[in-house]
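**Q** Have a look at this one.
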Amino acid sequence: MSEQEIREGMLLAVWDEPPLDFDPDTLIRRVEQKKSRRRALVAVGVATAMIAVASFALPGLLPRDRESQLGSPTDTTASSTPPSLSVYGRQKKIGDALASRLQETRQDLKEIYPSFDGFRGTTFKPEAPLQPIRPDSDDMYGFLYFTDSIGPTALLVTMGDAVSTNDICGAGKPAFCRDVPQQDGTVVTEAEFQEGPERVKAVAMRRLPDGKRSVIISAYSHNPSTMTGYRQMIPVNVDVLTALVMDRAITWE
């Protein structure tokens, strides 16, 4: 047997033997460290899994009622809806109907459109101070704009607490002022006012069936929305105003 063969045989004999500087305490510490790391990783994995499961299960556990959903944008919108929205919607409906009926009655007029801005006068006079209309109120104060052969102007449209014939006729020296009973049992007060030879104002006031409310449409020899644009004659006569306050297509009540 050669020297090389003897050396290879001795290496094979001690291949699985620990090195001469082997320390069993060091080996034990390494084993314990590996076990600790493994336990920590397992704990983190379990916690992550529990969080994931909870996140999927939580929406199903919450109440399905719209009012009790957390952070629901629908709730905020519903609770913040202004109560005046229905009031303005109703005013727009009346205004659109007025514009349509005036166009049918006076086909010579153009650019007819309503404007109700949520304010009212203390009386039916356009010069009166304006006050905000309550959101729950049925009051109206606005203008029906149009253009005739002379130029742009408007009718004043108001609705509020009932006024008397004296309130209408006592506002000046009328050329005439009369109560005209209508077929539905209501009464329309018609009046035209004159300064010198010219008619300067026409009014039709209808007391609604409940007796507590009145609707008034007035025409002037100027634009009542701006107090300008004076002309010699009123643009719309009282008979047209009466037709508007009595039109069944306009839901005043």
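**Q** What tally of residues in the stretch 88-118 results from selecting those that are under 23 Å from G160 (Cα atoms) and among the β-branched types (V, I, T)? Quick ask: steps written out before the conclusion?
**A** Restricting attention to the stretch 88-118, the residues satisfying the condition of being under 23 Å from G160 (Cα atoms) are 88-102, 113-118.
Right, trim to among the β-branched types (V, I, T) and you get 94.
Here the count works out to 1.
**Q** Using the structure shown, decide if E127 is assigned by TED's automatic domain parsing to the domain that holds V240, more than 21 Å from K212 (Cα to Cα) and either modelled with pLDDT of 85 or more or in a loop (DSSP other than H, G, I, E, B) (or both).
**A** On the way: assigned by TED's automatic domain parsing to the domain that holds V240: yes; more than 21 Å from K212 (Cα to Cα): yes; either modelled with pLDDT of 85 or more or in a loop (DSSP other than H, G, I, E, B) (or both): yes.
Considered against the rule, which asks whether it is assigned by TED's automatic domain parsing to the domain that holds V240, more than 21 Å from K212 (Cα to Cα) and either modelled with pLDDT of 85 or more or in a loop (DSSP other than H, G, I, E, B) (or both), E127 comes out as yes.
**Q** Under 22 Å from K92 (Cα atoms), surrounded by fewer than 18 Cβ atoms within 10 Å (Cβ to Cβ), touching a Gly at 6+ places or on another chain (Cβ under 9 Å) and not β-branched (V, I, T) - does that describe any residue in the stretch 219-239?
**A** No, the stretch 219-239 has no match at all.
**Q** Further question on the same structure: I need every pair where a residue in the stretch 139-159 that is under 23 Å from R213 (Cβ atoms) has its Cβ under 7 Å from the Cβ of a residue that is aromatic (F, W, Y) and not in a strand (DSSP E or B), sequence separation at least 6 or different chains.
**A** Between residues of the stretch 139-159 that are under 23 Å from R213 (Cβ atoms) and residues that are aromatic (F, W, Y) and not in a strand (DSSP E or B), the close pairs are T158/F124; M159/W252.
**Q** Those residues that are of a type outside the set (A, V, I, L, M, F, W, C) and in a strand (DSSP E or B), I need them from the stretch 203-236; list them, please. Spell out how you get there, then give the answer.
**A** First, pick out the residues of the stretch 203-236 that are of a type outside the set (A, V, I, L, M, F, W, C): 206-207, 209-214, 218, 220-226, 228-232, 235.
Of everything in the stretch 203-236, those that are of a type outside the set (A, V, I, L, M, F, W, C) and in a strand (DSSP E or B) turn out to be R206, R207, R213, S214, S218, Y220, N223, T228.
**Q** Restricting to the stretch 149-202, give me the number of residues that are β-branched (V, I, T) and part of a loop (DSSP other than H, G, I, E, B). If you could, list the steps in order and put the result at the bottom.
**A** Within the stretch 149-202, the subset β-branched (V, I, T) is 150, 153, 157-158, 163, 165, 168, 180, 186-189, 200.
Narrowing further to those that are part of a loop (DSSP other than H, G, I, E, B): 150, 163, 186.
Number of matching residues: 3.
**Q** Here is a further query. Scan the stretch 181-213 for residues that are among the small types (G, A, S) and more than 19 Å from P114 (Cβ to Cβ) and jot them down.
**A** G185, A191, G196, G211, listed by residue number.
The values are calculated or read from the model by the stated rules, or taken from the named source; none is laboratory data. Given the structure is predicted, the values throughout are model-derived calculations rather than measurements. So basically every Cβ, Gly included, is an ideal-geometry build from the backbone, and we count neighbours across all protein chains shown.
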